[in-house]
Amino acid sequence: QVQLVESGGGLVQPGGSLRLSCATSGSIFRVYAGNWYRQAPGKQRELVASITSGGRPDYADSVKGRFTIFRDITKNTLYLQMNSLKPEDTAVYYCNARQLQDDYWGQGTQVTVSS
């Protein structure tokens, strides 16, 4: 069973930065796409950023130029670097690993952007 464990969330002021991490025990991100989703209160879960098994990133328009998704294969970890944070980025952020019918999720980490 694949387990994904997120960390790095917290409270940050507008304009600040956070780095989220998603650790797993195996080399899953060598062959699985890695994704970060978020869900704000009263809203649907949305895809924020993704990276293919080959390392190609993609971003939602709302975070382009501010967020960076990357991975460290040697540490079996997926990251989301978030800069220039805005109050509307407040949400629970979820790590996801997906390949065909296999779909794994982390437990989520809260990010709150507020002054």
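Listed conditions (1) among the charged types (D, E, K, R); (2) within 18 Å of residue 110 (Cα to Cα); (3) open to solvent by 80 Å² or more (accessible area, probe 1.4 Å) are all met by residue 75, apart from (2).
Take residue 68 and decide whether it is open to solvent by 50 Å² or more (accessible area, probe 1.4 Å), among the hydroxyl-bearing types (Ser, Thr, Tyr) and over 24 Å from residue 3 (Cβ atoms). It would help to see each step written out before you state the result.
Values: open to solvent by 50 Å² or more (accessible area, probe 1.4 Å): yes; among the hydroxyl-bearing types (Ser, Thr, Tyr): yes; over 24 Å from residue 3 (Cβ atoms): yes.
For residue 68, the condition - open to solvent by 50 Å² or more (accessible area, probe 1.4 Å), among the hydroxyl-bearing types (Ser, Thr, Tyr) and over 24 Å from residue 3 (Cβ atoms) - is met.
Has the stretch 23-43 got any residue that is farther than 19 Å from residue 114 by Cα, without any contact (Cβ under 8 Å) to a residue 12 or more places away in the chain, open to solvent by less than 60 Å² (accessible area, probe 1.4 Å) and out of contact with any helix residue (DSSP H, G or I) (no Cβ under 6 Å at 6 or more places or on another chain)? No, the stretch 23-43 contains no residue that is farther than 19 Å from residue 114 by Cα, without any contact (Cβ under 8 Å) to a residue 12 or more places away in the chain, open to solvent by less than 60 Å² (accessible area, probe 1.4 Å) and out of contact with any helix residue (DSSP H, G or I) (no Cβ under 6 Å at 6 or more places or on another chain).
In the stretch 58-115, counting only strands (runs of 3 or more DSSP E) that sit wholly within it, none holds 2 or more residues that are in contact with a helix residue (DSSP H, G or I) (Cβ under 8 Å, 6 or more places away or on another chain) and at pLDDT below 95.
The values are calculated or read from the model by the stated rules, or taken from the named source; none is laboratory data. The structure displayed is predicted, hence computed values, not measured ones. Using ideal geometry, Cβ is built from the backbone for each residue, glycine included, and neighbour counts are taken over all protein chains shown. What goes into the accessible areas is simple: the full protein's heavy atoms, side chains included, and nothing from ligands, DNA or RNA. Shrake-Rupley method; radii C 1.70, N 1.55, O 1.52, S 1.80 Å.
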